[in-house]
Amino acid sequence: MELWKFSILFFSAFLGGMTIFLVKNDKSKLLKLILSFSGAYLFAITVLHLIPDAYHGSDSHEIGIYILIGFLLQIFLEQFSEGVEHGHIHKHSHTHAFPYGIMISLCLHAFLEGMPLAKDHHNEFIFGIALHHIPAAFALASILVQNHIKKGSIIFYLVLFAIMAPLGYWVSLGLSNGSLGGVEAYFNKIMGIVIGIFLHISTTILFESSADHKINKRKMLAVLLGIGIALIGFFLGHSH
């Protein structure tokens, strides 16, 4: 993985979480706009890039099954993560307790997202992962602060979360080149699972963050901007 790609994946999550120490008042409206943009961008790149790529190959007739598996897997993971991967911040009544379920499910989620990068290094995919890890990391850090976890420990856990997507890439790369056992045939299936995860996250962001299912002008602009940038990347990529 090129250094700049690793840097984007790592620092988007790490710095997204570290901003918790800079926020002095309620920034929920700004966070919702960022979420709307990232959700729209994530949905657009999934439809424009990831789904068509996943259906290339001899196993294309099975990909829909793995997309459903990914979708259901995300529903299962959210029973432990409490929706942190799409920016949800919940007030916890207990304090001084470490949210193991949230941490483990978020790390597994990020690890799975990094795995398909070993086959297709689409810049849009990398930016999509990076964008939605920013609010996820911020929400994770918020929960750790609420639970009175020490600042040094919060930084450690943010580093751990931030390294998971690159780690997924490295493990997948090792599998693809045979150093960990050749499983090249499974890449499209892994991509199908990631597509299912992305479809769930992006649609959840877009629909449930709107009160009474009404989208205000600012959110609509954020959504159109996210889709517009994805479309620009799509047309530029197909013009070469």
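What net charge is computed for the residues neighbouring Ala130, neighbours being all others with C-beta under 12 Å from the C-beta of Ala130, Lys and Arg scored +1, Asp and Glu -1? Provide the component values of the computation, followed by the final result.
Numbers: positive: Lys5; negative: Glu113, Glu124.
It works out to a net charge of -1.
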Derived scalar couplings ³J(HN,Hα) [segment 99-115; Karplus, 6.51 cos²θ - 1.76 cosθ + 1.60; whole Hz; x for Gly, Pro]: x, 4, x, 4, 5, 5, 5, 5, 5, 4, 4, 5, 4, 4, 5, x, 4
List Phe76, Phe127, ordered by accessible area with a 1.4 Å probe, largest first: Phe76, Phe127
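Using R₀ = 22 Å, calculate the FRET efficiency as 1/(1 + (r/R₀)^6) where r is the Cβ-Cβ separation of Tyr55 and Ile232; round to 0.05.
On the way: r = 23 Å, r/R0 = 1.06.
The calculated FRET efficiency here is 0.40.
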Per-residue ³J(HN,Hα) for segment 38-44, Karplus 6.51 cos²θ - 1.76 cosθ + 1.60, θ = phi - 60°, Hz, x for Gly and Pro: 5, x, 5, 5, 4, 5, 5
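Can you give the FRET efficiency to the nearest 0.05 for Ile65 and Leu3, using r as the Cβ-Cβ distance and R₀ = 30 Å?
That gives a FRET efficiency of 0.25.
The values are calculated or read from the model by the stated rules, or taken from the named source; none is laboratory data. Being a predicted model, the structure only gives us computed values, none of them experimental. Glycine also receives a Cβ, built like all others from the backbone with ideal geometry; neighbour counts cover every protein chain displayed. In case anyone asks, the SASA skips ligands and DNA or RNA and just uses the protein heavy atoms, side chains included. Shrake-Rupley method; radii C 1.70, N 1.55, O 1.52, S 1.80 Å.
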